[in-house]
Amino acid sequence: MVLSKFLKPAGPGAPKGAAGPPPEAPRVGLASLLRQPIQMVPEREQFLREGLAEGLRFFETFNESRLNLAFGSFDPDMKKALYEVLFLLHVNPPAFKEYKFTGVELERTGGVVREKPVETSAELYVEGAPHGVEGIERLSPVFRDAFSEHIQKTFGLTVTPHSTFGFNPIVSIHSLGSIGTMGHKSRASDLDLQVQYELEPFLIDTQGQTDATLREALVRELKHGMGKLRAERGLPEALLQDPKEREALQRDATQQVLKTFPLLYRYLVTRERNYGTDLAGANAGALRSQILGELVQLLKRAAQLAHGEEMAKQEALLQEKLKRVQKYLNARYPTVEIYLFSCSNDDYRRGHHGSTLTNK
């Protein structure tokens with residue numbers, strides 16, 4: 001069940017008068033393929049458009065039915081907690097460094113549970129933490145109005161589509177597992193929410209990319225692979241001074257790079273193939289698609305290697321924010337069992353998922 005998503009079109013309310021695309025950069029080498037539009041046979045393009053529209057309609061219908069089922073089963077506190085999860089992951093104002101609220105303590109006496117209101121506070125601001133939920137302005141009509149009203153009443157704020165982080169790194173918030181328990185548990189419902197994020201903007205800056213810069217990126221990938229293999233094999237760094245050991249590591253790392261970037265490595269590093277000749281051949285369409293896939297992956301990897309340390313810090317800050325939101329929920333809605341855990345888009349694409357036990 002997807003609570004937040006970016007699949008819906010912006011609709012008639014989308015901003016108008018936006019600036020047009022920047023002038024196309026000079027076409028230089030293989031990187032120029034990234035600046036050329038994808039061309040398809042009209043019949044195939046129409047087929048894909050119709051398939052996409054049909055898939056979106058199915059998704060919307062299926063997701064709306066699950067949202068109706070869930071919100072029909074949620075008690076008032078569960079709904080409020082969900083609204084506040086969405087909002088608190090979207091914003092990060094310094095004013096929330098000490099957010100005061102009325103929490104609830106559960107007192108158990110003789111087998112009877114009583115709720116006792118307590119005045120308390122939560123530190124919800126995490127300096128520099130990624131925040132911003134993509135598509136928050138296009139929530140399902142099942143709970144959109146109730147969400148906005150609750151946030152205005154509780155926090156005195158209006159939800160805006162953009163975050164102060166610069167872009168919205170949280171691309172989806174969705175529940176995992178069964179929601180069947182919500183119809184028959186009298187006090188508490190367990191709901192696991194996966195927060196899926198992308199800490200780098202989706203668009204790739206291709207300006208200034210040339211064959212030389214792409215070749216440098218491949219060499220960095222090779223050096224990174226050698227360092228990773230050395231660490232995995234427990235070899236001391238000084239061993240790289242031995243030509244034989246270095247050659248062995250380079251050979252194995254090269255095989256890994258060749259497996260991931262077979263065309264780019266042969267075009268730009270060994271130069272055993274000529275992309276100008278190949279792209280003029282009969283199989284140019286399929287070849288172009290393969291090259292584009294490798295280019296996108298290489299540029300993404302180059303950004304990760306260049307900013308890996310910064311991205312690790314950002315991930316740690318996001319984890320800290322999730323923990324603080326979780327602690328706040330536990331204090332404000334102790335009978336509601338919502339558990340937050342995260343998963344990056346990169347891990348998701350590799351089939352790796354976060355653990356639902358993170359905050360349990």
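The values are calculated or read from the model by the stated rules, or taken from the named source; none is laboratory data. Note that the structure is predicted; figures quoted are calculated from it, not measured. Heads up, the Cβs are rebuilt from the backbone with ideal geometry, glycines too, and the neighbour counts pull from every protein chain shown. Just the protein is used for accessible areas: all its heavy atoms, side chains included, with ligands, DNA and RNA removed. Shrake-Rupley method; radii C 1.70, N 1.55, O 1.52, S 1.80 Å.
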Per DSSP, loop GluC sites (Glu not before Pro) in region 79-134 with at most 10 further Cβ within 10 Å: 127
Please calculate the 1.4 Å probe accessible area of residue 136, with all protein chains present, and give it to the nearest 10 Å². 10 Å²
Using the crude model of +1 on Lys and Arg Cβ and -1 on Asp and Glu Cβ, and no other charge, please compute the dipole size for the chain relative to its Cα centre, in debye to 20. 240 debye
Computed over region 265-360, Kirkwood Rh from alpha-carbon pairs, angstrom: 17.4 Å
Cα-Cα pairs of region 276-320 separated by more than 16 Å (percent): 57 percent
As a quick test, which of the pairs 79/153; 79/313; 228/323; 97/300 have an alpha carbon distance above 25 angstrom in this structure? 79/313; 228/323; 97/300
How do 159, 41, 133 rank by accessible surface area computed with a 1.4 Å probe, from largest to smallest? 41, 159, 133
If you roll a 1.4 Å probe over the heavy atoms of the protein chains, what accessible area per residue do you get for the chain, in Å²? 58 Å²
Give the Rg/Rh ratio for region 215-319, taking Rg as the radius of gyration of the Cα atoms and Rh as the Kirkwood radius, to two decimals. 1.07
So the FRET efficiency between residue 350 and residue 323, C-beta based with R0 = 25 Å and rounded to 0.05, is 0.55
Modelled label reach - residue 231, point 7 Å along Cα→Cβ, region 277-301 residues with backbone N closer than 19 Å: 301
Sort 138, 57, 108, 273 by accessible area with a 1.4 Å probe, largest first. 108, 57, 273, 138
Using a 1.4 Å probe and ignoring any ligands, DNA or RNA, find the accessible area of residue 114 and quote it in Å² to the nearest 10. 130 Å²
Per DSSP, the loop-located GluC sites (Glu not before Pro) within region 253-313 having at most 12 other beta carbons within 10 Å are 272
First compute the accessible area of the chain with a 1.4 Å probe, then give the percent of it belonging to carbon and sulfur atoms. 54 percent
Average projected area of the Cα convex hull of region 57-125, in nm²? 6.9 nm²
First obtain the Kirkwood hydrodynamic radius of the chain from its Cα pairs, then insert it into the Stokes-Einstein equation at 37 °C and 0.692 mPa s, and state the resulting D in µm² per second as a whole number. 136 µm²/s
Counting only the heavy atoms of the protein chains, how much of residue 269 is accessible to a 1.4 Å probe, in Å² to the nearest 10? 50 Å²
